[in-house]
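Let me begin by presenting the structure, written as C-alpha cells, before commenting on it.
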Amino acid sequence: MTGTNGIVFVIDDDKSVRKSLKRLLESADYNTEVFDSAAQFLARHSHQGPTCVIVDVKMPGLNGIDLQEALIQRRREEQLVFITGYGNIPMCAQAMKAGAVDFLPKPFKPRELLKCVERALNRSTEQRARATDKSEARRLFDLLTPREFEVMQLVITGMLNKQIGGELGMAEKTVKVHRGRVMQKLGVISVADLVRLTQRAGITAPAKDKTKV
Amino acid sequence: MLIGGCVILALPHLFVGIRQRRGAHLVFALATFGVIGIAIGELVMMRSRSLDQFIRVRQWTYVPITALIIALVWFVRLYFRTGRLWLGLSVCALRVLTLIASFKSLPAITGIQSRRFLGEIVSAPIGQVTPWIRVSEFSSLLLLIYVIDASISSWRQGTSEGRRKAIIVGGSMTSFVLLASGVTALINRDIVSLPYLISFPFTGILMAMSFELGFNLFRAGQVAKDLERSQASLFESEERFRTMANAAPVMIWMSASDKLCTFFNKAWLEFTGRTMEQEWGNGWTEGVHPDDFGGCLKTYVEAFDAHEPFVMQYRLRNQKGEYRWVTDKGVPRFNRSGDFRGYIGACVDITDLLQQQNTLHEFEERVTLAAEAAHLGVWELDTRTNELWISDKARELFQFDRDARVTYQMMQERVHPEDRALRDSALNNAIKTHGGYEIEYRIIHSDGTVRWIGARTRCIADENGKLTRLLGVSMDVTERRGAQELFRIATEASINGIILVNDRGRVVLTNTHLEELFGYGRQELIGKPIEIFVPERFVKAHPTMWKKYFDAPERRMLGHGRELFGRRKDGTEFPVEIGLSPVQGPDGLLVLATVVDISERKRAEAEAQQRREEVVRLSRINLLGEMTATIAHELNQPLSGITSNSSAAQRFIDRGSVDLGEIREILVDIAADARRASDVIQRIRNTVKKGAAVRERIDLNEIVTKVAHMVAPDARLHSCELEMYLAKNLPPVEGDPVELQQVLINLTTNAFDAMKKVPAWNRKVEISTVINDGMVGLSVRDHGPGISEEARERMFEQFFTTKEDGLGMGLAIVRSIIESHGGKIAADNVDGGGARFYLNLPSKGV
C-alpha cells in the first residue's frame, strides 16, 4: 500500500521486463510509470511524494549506477531498487553503499520485489517527513541573529554561561540574555528540547573554525 | 872371279834401286861397287911387286873402303830403318878422317913379302901399327856395334820381316865387319901374314842381300797376284754396283779421292741428258745454275777436305734446259783399311716439293694471318722431330717472346697445374683415336695472372697411322669464362632450383639446388626430357603444353589456380612453384625455369589456417565466456518477464477483478518470453558447436522486416529513423535466421550508436537489399561521422571497439557469421556522409 501519492517508477530497456513489471506492480495496487531509459526518467519532473525507482543496471546510455550518481548529485531523494540481468559483487556493493534500497538479480521473485518496493516507499515517506521536519526546524533557526546562533551552538554543547562568555568574549550577563532570546524564538524550554530541535534541523556542533552549518 | 860375282849380284840391286827408287837398294849397290873397287885394289896389291906400288894402291883403296863403310851405314839405316844415327855418323866421320890422314901421313907398311895364297904367289904387307890405324880400327869397332845394335832393334820390332832382316842381313853384316876388321887388324900387327882380303867376307853380305832380293821379288810376285785377284773382285762388285745404281730412281754419283767424279748413274744421265764422259771429272758442274755454283762448290770442297758428309741444294739443268732444284747428299767412303776413297752421293729433284712447300708456306701464312685477325693463336708440333712452330698470336697468348725458342714442353708448363691432368687425358685420347679435342683450360702467366684458353687440337697421322703432327688453335676465353663463371656462380648460388631447357624440351643446364630438390645427379639430367620432373599423371599432356608455351613464350609463373607438383627421382612428389622465363640462346630459344619447393610454405599455410580456425573456435568459446554476462542478461530478461507476468496474473485473479482479456495478454507475453529464452539457449548451443549450423532457406527481406520491428523501440529511443529499401524477387539464401537476425541487430544498433551526436533530423538508418550478380546483398547505412582509418582496418577484428565499454566482439562475430554463411562483409564511408556496412550472401536457387 502506498500513500495517496506514492509512485513506482520502472526504468528498463527491455520491453518485456517493463511490461511485466508494470503489470505486477499494478496488480499490487501501486501507481507505476515506466521508462525505457534513465535519461527519459530524468527528463520527467520530480515527483512530490514517496517515490520508488526500480532500475536495471545494464542499459545502453545512462545505466543504473550512473542514474544513482546523478540523483545523488542532484540531491534527489528517490529510493532506488536495482534489478539486473547480471550483476557482480562490486557493483552490488557500490550500489548499496550509495544508498540503494536493494539489489535484485533477475529473475527475481515477485514477492521479493514487492517487499522492496514497499520498503522503498516507506523509506521515501520517512525521508520526506524528515526533510519537511528539517526544513521547518531550520526556518526557526533562521530567526536567530548571528550572535544568538553562536551562543546557541555553544549552549547545546553543555557549556556554562560563564564559559560561553569566555569563549565568545562576552559578559556572562550578555550570554544569559542571548540564551533567553534563543529559547524564546525557538519555542523550547529545556536545553534538551533545544538539542532535539537542532538535531531535527541538522545543525551540528561548531567546528573549531566556527563554520556555520 | 870374285869381282865378276860381285858385279853380277850388284847389278840387280842397282836396277831395283833405280827403278823402284828404293834408297836401300841403291846404296847397297853403291856399297857393292865399293867392294868391287876394294877387290880390284886388293888384287892389284896382291899382284904388286913393289912396295911403292903396294902402298900407293893401298892408299887409293882407302877411298872405296870409306865409301863402303859410309854406304853400309847408310844402308843399314835405310834397310833396317833402325840404327842410331849418332853412332853411324861418328863411324863415317872417323873413316873420313882416316882417309884424309892416310894421304897425308906416312904409310905404316914397311915392306912386302910374298906368300903363297890359294895356289898363287901374292904379296902380303909387313907393317906397323900407327895411331891412324888404331883410329880406323876403332871406327870399325864402332861400325860393328852400330850394325849389331841396328839388327837387334830390327829384331825387336817383332815383325817377321824385321826378324828376317835382322838375322840374315844383320848377321851377315856383322860377320863381315868382324871378319874384315879382324883380319886386317891381324895383318897390320903382323900376326897373320895374309894379303888384304876385305872384299872376301863381303860375299856373305852379298849372298844375304841376294837372298833378300830374291825373297822380295818372290813376295812382290805374290802381292801382284793378290792385287790382280782383288782387282778382279773389285771389278765384279763394281759391276754389281753399277747395275744397281742405274736401276735406282735416284740420281747417284761417285767421286774419287781427288774430288773428281767418276760415276753417274742412269737416272742422272737421263736427267741431265748428257753422257758419262761429259759429266766425268768436273763436267757435271756445267749443269749447275751459275748462282748456285759458288755455294755448291764451297760446300763440296769443304766437306771433301774434312771427309764429312754434306747436303746441299742447288739448281741443276735438266735435259729440257730447265733448272730444277735438287737436294744433293754426299757421304765419304772408305775402304776396308779405312782409307778414304772418295764420295758417293744421291740427288733428288725437289722442285715440286719446294713448290708445295711454298704453297703450303703461303697457305700457312694466310691461315696465320686469318687466325691472328680472329685473335686465334695457331701452333703446330711435329711429333717426330718434336719441333714446334708457333704463331705470333699464340706466343702472345702463352706469353712467349717473339723471338724466343719455344718447345712444346714450355707450352705445357704454362698450363695451370689443376688443369694439366684434364688436358693430358684429352690429348692422349685424341692421339689414340687420331682425332682431336676441344677443351678449355687455365694458363698461368709469369706474373701469376690466370687466363682461360679455349683450344681445339687435331692429330694428323701418316699413312701408317703413326702420329706425325699436332695442330692447335687457341683463343683467350677469359672474358667468356668470366661471364660464364659469373653465370655459373649465379645459378649455383640461387636458392631456387634452376633448369635451362631447349626448344626440344631437353634439359641443358641445372644447378645444384635443383639436383638436391629432385634427388638427381647432374649427369643424370643433362639431355633428358623435361617430363622427368613431372608427376606421371601429367606426363602425357605435358609436351603439348610445353609446345604451346614455346609458340608464345613469355615470362610468367605457372599454375595459377592449380596446384603444381614435382616428381623426385624416388617417385615421391612435392608441391612446387614454377616460374618460366624465355631466353635467347646461341642455338635457339631456351627456357629458364625456376623451381621453388613450396611444401614448407604450404605446410605453414595449412598450419596457419588450422590456427586461425582454432582461434576462431577458441574465440568463440572465449566469446561464450565473454558472452556469459550477455547471455545471462539475455536469459534473465525474458525470465523476469515471465515471473512478473505470472505473479501479476495471479494477483489479478486473487483480487477478484479478473479481466480475461488482460489475463490472455499476460499469458501471450509469458509464452513469448519463454520462446525468447529458448532462442537464446539455442544460439548458445550454435555458437559453441563447431560446424553443424542451422541451414534454412531464408528470405533476407523477411529478416530485415523482423529486425526492423525488433529494433524499432531502440530506434525511437535514439531518435533514429529506420528506412528500408528492399529488392523485389530477392532470391533466398541458406543460413541460420537467428544468426542473421543477430547480424542485422548488431549493425543497426551500431548505426544508432554512431549517430548519437548527429542532429535528430538527420538520424537516418537505411537498410537495403539488392541482387548482386548471383549473390544477395544487404547494406546498412547511417549518417554518422563515418569510419576512421584505423577503425576501417581493424573494425572486424576481435576485441577491437571504439566504444568505451564495448567488448569489441560484435563485428567480429558478425563477420564470423557471414563468412560461415559463405558470404563477405565490408564497410566503407559514404560520399554523402556516414558509414555503410554491406554484405553479400550466396543465393540458393531461384
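Every number here is computed from the coordinates shown, using simple stated rules; none is lab data. Quick caveat: nothing in here was measured; it's all calculated off a predicted structure. For neighbour counting, all protein chains shown are included, and Cβ atoms are generated from backbone atoms with ideal geometry for every residue, glycine included.
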Self-check item: Backbone HN-Hα couplings from phi across region B:281-290 [Karplus 6.51/-1.76/1.60, Hz, Gly and Pro as x]
Solution: x, 10, x, 5, 5, 5, x, 6, 4, x
Quiz item: Where the only charges are on Cβ atoms (+1 Lys, Arg; -1 Asp, Glu), what is the dipole of region A:143-201 about its Cα centre, to the nearest 20 debye?
Solution: 140 debye
Quiz prompt | Rh by Kirkwood over Cα pairs, then Stokes-Einstein D for the protein assembly as shown at 1.002 mPa s and 20 °C, µm²/s | solution = 43 µm²/s
Quiz item: Just from the alpha-carbon atoms, what are the Rg and Dmax of region A:143-201 in angstroms?
Solution: 10.4, 30
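How much length would be gained if the chain were fully extended between residue B:420 and residue B:528, taking 0.36 nm per residue of separation minus their Cα-Cα distance, in nm to one decimal?
Details: separation 108, 0.36 × 108 = 38.88 nm, distance 3.09 nm.
Full extension from residue B:420 to residue B:528 adds 35.8 nm.
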Quiz item: By the scheme Lys and Arg +1, Asp and Glu -1, what is the net charge of all other residues having a beta-carbon under 11 Å from that of residue B:841?
Solution: 0
Self-check item: Ranking of B:643, B:705, B:801 by count of other Cβ atoms within 10 Å, fewest first
Solution: B:705, B:801, B:643
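Taking the highest mean first, how do the peptides B:246-255, B:228-237, B:595-604 order by number of other beta carbon atoms within 10 angstrom per residue?
Taking the mean over residues of other Cβ atoms within 10 Å, the ranking is B:246-255, B:595-604, B:228-237.
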Quiz item: Residues of region B:812-846 with amide nitrogen under 17 Å from the 7 Å Cα-to-Cβ point of residue B:697?
Solution: B:842-846
Quiz prompt | Partner lysines for residue A:115 [C-alpha distance under 16 Å; skip if fewer than 8 residues away on the same chain] | solution = A:22, A:106
Quiz prompt | Extended-chain gain in nm, criterion 0.36 nm per residue less alpha-carbon gap, residue B:600 and residue B:721 | solution = 38.1 nm
Self-check item: Point-to-point label distance, residue B:78-residue A:109, nm (Cα→Cβ direction, 7 Å offset)
Solution: 19.0 nm
Quiz item: Using alpha-carbon positions, what is the distance between the centroids of region B:297-327 and region A:1-42, in Å?
Solution: 153 Å
Quiz item: Where does the protein assembly as shown land at 222 nm, in deg cm²/dmol rounded to the nearest 500, when only DSSP H runs of n ≥ 4 count, each adding -39500 (n - 2.57), divided by all residues?
Solution: -17500 deg cm²/dmol
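Listed here are the pairs B:728/B:756; A:15/A:109; A:15/B:764; B:393/B:432; B:329/B:393; B:728/B:844; which of them are more than 26 Å apart at the Cα?
Numbers: B:728/B:756 32 Å; A:15/A:109 19 Å; A:15/B:764 23 Å; B:393/B:432 29 Å; B:329/B:393 37 Å; B:728/B:844 16 Å.
With Cα atoms farther than 26 Å apart: B:728/B:756; B:393/B:432; B:329/B:393.
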Self-check item: Where labels lie 7 Å past Cα in the beta-carbon direction, separation of residue A:132 and residue B:728 in nm
Solution: 6.9 nm
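Taking each full run of DSSP H in chain A as one helix, which ones are at least 20 Å long along their axis (Cα atoms) and have mean Kyte-Doolittle hydropathy of at least 0.5? All intermediate terms of the calculation are to be shown ahead of the outcome.
Working: long enough: A:110-142 (47 Å, -1.21); A:172-186 (21 Å, -0.91).
Going by DSSP H runs, there are no hits.
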Self-check item: Where a label projected 7 Å from the Cα of residue B:503 along Cα→Cβ would reach, residues of region B:538-552 with amide N under 16 Å
Solution: B:546-552
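Taking only the Cα atoms of region A:7-133, how large is their convex hull per residue, in Å³?
Per residue, the Cα convex hull of region A:7-133 comes to 96 Å³.
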Quiz item: Straight-line reach from residue B:540: which lysines have Cα under 21 Å away, leaving out those fewer than 8 places along the same chain?
Solution: B:528, B:548, B:569
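If you take every residue apart from residue B:283 with its C-beta less than 10 Å away from the C-beta of residue B:283, what net charge results, scoring Lys and Arg +1 and Asp and Glu -1? Please list the in-between numbers first.
Values: positive: B:274; negative: B:277, B:279, B:286.
Neighbour charge sum, excluding residue B:283 itself: -2.
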Quiz item: For residue B:225 and residue B:358, what does the FRET efficiency come to when R0 = 56 Å and r is the distance between their Cβ atoms, rounded to the nearest 0.05?
Solution: 0.40
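Can you figure out the FRET efficiency of residue B:562 with residue B:679, using R₀ = 41 Å and their beta-carbon distance, to the nearest 0.05? Mind dumping the intermediate values first?
On the way: r = 45 Å, r/R0 = 1.09.
Efficiency for this residue pair is about 0.35.
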Self-check item: Label-point separation, residue B:389 to residue B:446 (7 Å along Cα→Cβ), nm
Solution: 2.6 nm
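Report the calculated FRET efficiency for residue B:339 and residue B:96 (r = Cβ-Cβ distance, R0 = 51 Å), to the nearest 0.05. Present the calculation step by step, with values, prior to reporting the outcome.
On the way: r = 44 Å, r/R0 = 0.86.
It comes to 0.70.
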Practice problem: Return the whole-Å distance between the Cα centroid of region B:496-544 and the Cα centroid of region B:347-366. | Solution: 56 Å
